[in-house]
Every structure is written in C-alpha cells, then in structure tokens.
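Down below is the structure, laid out as structure tokens.
Each reported figure results from applying straightforward, stated rules to the coordinates on display, with no laboratory input. Everything quoted here is computed from the prediction, not taken from an experiment. Here the Cβ is made from the backbone with ideal geometry for all residues, glycine too, and neighbour counts use every protein chain on show.
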Amino acid sequence: MIQTFAQKVIDNVGQVIIGKKNITELALIALLCEGHILFEDVPGIGKTTLARALARSLGCEFSRIQFTPDLLPSDVTGISWYNLKSQEFEFRPGPIMAQIVLADEINRATPRTQSALLEAMQEQQITVDRDTYNLPRPFLVLATQNPIELEGTFPLPEAQIDRFLIKTTLGYPNEAEENDLLLRYARQDPMSDLEPVTTAAQIQEMQQQVRQVRVEDSVREYMVKVVRATRDHPAVDLGVSPRGSLALYRTCQARAAIQGRDYVLPDDVKAMTPTVLTHRIHISPQTRLRGRTPDEIVNEVVGEVAAPVFQ
C-alpha cells in the first residue's frame, strides 16, 4: 500500500518537478516519519514549486511563510485579539496552522522568530497567550535557506537544525531535464492540472504502518555503531544526538516501506545516513581549515563501520 502511494505521489509531482524523484521520495519519508525537511540551495531551483506540488498531490492544506528580519513570532503562530462585538478574546491562527508549511528563507528571520517553530516542529502544537492549539495532521515543514547569500541572515542554532529530520539540496537539472522543463512550461503551468492522489486520513494510517516495519537486532546495532562513530571521530567536536539515532531508525523504516519491504536492510541505513546525520554533527575548526566537510566525515564513518551481512 505504501509503495503504491509513494509511486502515485512521485509520478504526480513529476508532472511539475522534473528529474527530482529522489528528492520527492525524501519528502515522503519525512512525511511518513512525521518529521521535517530542510532544503539548502540557491534561489530558482524549484523548492517552492516542489512544496506546492506535494501539497496538491497529498490533498493537504498549504501555507507559505516568507521569513524576513522584521517577521514576529505572532506572524507565524497567530494572535489572540479582542472582539468588541462578542466582548471576548478570539484566536486568529497564523500560517503555521496548515498541513504542509513552506518556511521560505528561514535563516532570514531573527532567532526569536525562528524559535516560534521549535514547539510546532517537535510537539506539533503552538502556545499563544498560555493557550495551546494542536496543529492539523499530517503536519510537514519544508524549510529553505540560501547557503550563498549571508548578508542579513541569522544562522540556525543547533537546536533548530536538529529538529529537521532530513537536510538535502535539489541541485541544478541536467541538460535533458532543463530542455524538458522548458517544453513542459511553454504553454501553461502544469501545476493547474495537478489533482490529489490520496487523503490526509490515508496518510495518517500509513504513518502508523511505517512504525511496524521490522528492524533486525543486527541492523539496529549497526545504526547505533554508525551514530556512535560520529561522536568518537577525531575531526568531530559534536557528534549525532540520540534524536539523530531515532531519526535514522524511523527514516530507514519509511524507506523500506516505500520500496515495498516490511523489513530494513543495511543498504537503507547507508542510503539515509548522509541526509539524516550530516547536519547533526559539528566538525572542529581545524578540520574546516583543512577543507574537509561534514559530508566527507559522515561518508568516512559509513565506510569504516562494518555492515551486517545476511546469508
């Protein structure tokens, strides 16, 4: 069921986003794990289009928040206002009260506004004037940030980055994909023809099914060894947290389900480790001066830790 669902969504989004099947799959993995995804890429790659196409394909309510330095936390969560007619305070929900939320250029907002997302992303609720409001389900935040332009930005704190289940990039299309893109958008926007292929209720049901995917003891122990190796690596100042271990476990379950399996393989661990763990480690300044990156360190760790072999 989950494999069929994933293929329908990937094919549907593929009508709008060309050549990014793996990115759509990562977004679905984040959705099935009730996590969130951070895209770090230059403008114009198609991040907003991907979010809109995904929301339409899933039949979910979509909201876009453009983060700027003057954005306030209440602009994200909503406000309580006094209704003179009823003489009562009423809650006016902000754009965070949607199922698929695009947090565009999240690093342009001040740390105070960025922190407004922490509770929403972790507890799937918001608190306004001591009142707590549950967010709609399913709930997925697709955040973007530009790694090139640093002027007027506020780097995301470690606690905020750790809230993202997956961090990835879209990258430029190849020559054939870019030609196909021009042809497809020549006469009309294909987004207008996109129809939902599932419902929110079905997504929530599949989120529960993903948790039932079997993880053998040897595969689970392999995950733990990979995570612990990031903490013991000499080039790493801050290794992956236990939240990262849980993220790796859940994403491997979701990847297995999307591929039609009810069990996790070591290959799932190897495939998910770069996008799940890389943004959770902090390498030493000396390592950065040598030109090494967190991606290289994580790939090195995966290569050094022996994977279990099934007969």
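Brief remarks on what is shown
- The residues K21, K47, when put in order of fewest to most other Cβ atoms within 10 Å, stand as K21, K47.
- For region 2-60 and region 189-208, distance of Cα centres in Å: 11
- Taking the longest Cα principal axis of the chain as reference, the axis of helix 294-304 is set at about 40 degrees.
- Debye log10 I(q)/I(0) for region 101-234, one point scatterer per Cα, at q = 0.12, 0.16, 0.17 Å⁻¹: -0.86, -1.25, -1.27
- Net length gained if the chain between D217 and Y82 were fully extended (0.36 nm per residue, minus Cα distance): 43.0 nm
- Rounded to 10°, Cα long-axis angle of helix 47-58 versus longest principal axis of the chain: 80
- Applied to region 235-249, the Karplus parametrisation 6.51 cos²θ - 1.76 cosθ + 1.60 on θ = phi - 60° returns per-residue 3J(HN,Hα) values of 8, 10, 7, 9, x, 6, 7, x, 4, x, 4, 5, 5, 5, 4 Hz, with x for Gly and Pro.
- Reported label for calculated mean projected area of the Cα convex hull in nm² given (i) 15.8; (ii) 19.2; (iii) 21.1: (ii)
- Rounded if a/c under 1.5, otherwise prolate or oblate - region 179-237, Cα gyration tensor axes: oblate
- Value at 222 nm in deg cm²/dmol, rounded to 500, when DSSP H runs of n ≥ 4 in the chain each add -39,500 (n - 2.57): -13000 deg cm²/dmol
- Förster radius 35 Å - calculated FRET efficiency between S241 and R137 (Cβ-Cβ, nearest 0.05): 0.85
- In region 1-131, the DSSP beta bridges split such that about 60 percent are antiparallel, to the nearest 5.
- The chain: angle of helix 217-232 to the longest principal axis, Cα-based, in degrees nearest 10: 80
- Potential lengthening of the chain between E195 and D70 amounts to 41.4 nm, from the contour at 0.36 nm per residue minus the alpha-carbon distance.
- On the principal axes of its alpha carbon atoms, region 211-304 extends 44, 21, 20 Å, with the longest extent given first.
- Centre separation in Å (Cα based) which lies between region 244-311 and region 112-172: 22
- Cut-off under 5 Å, modelled amide H: who pairs with H36 long-range: L165, I166
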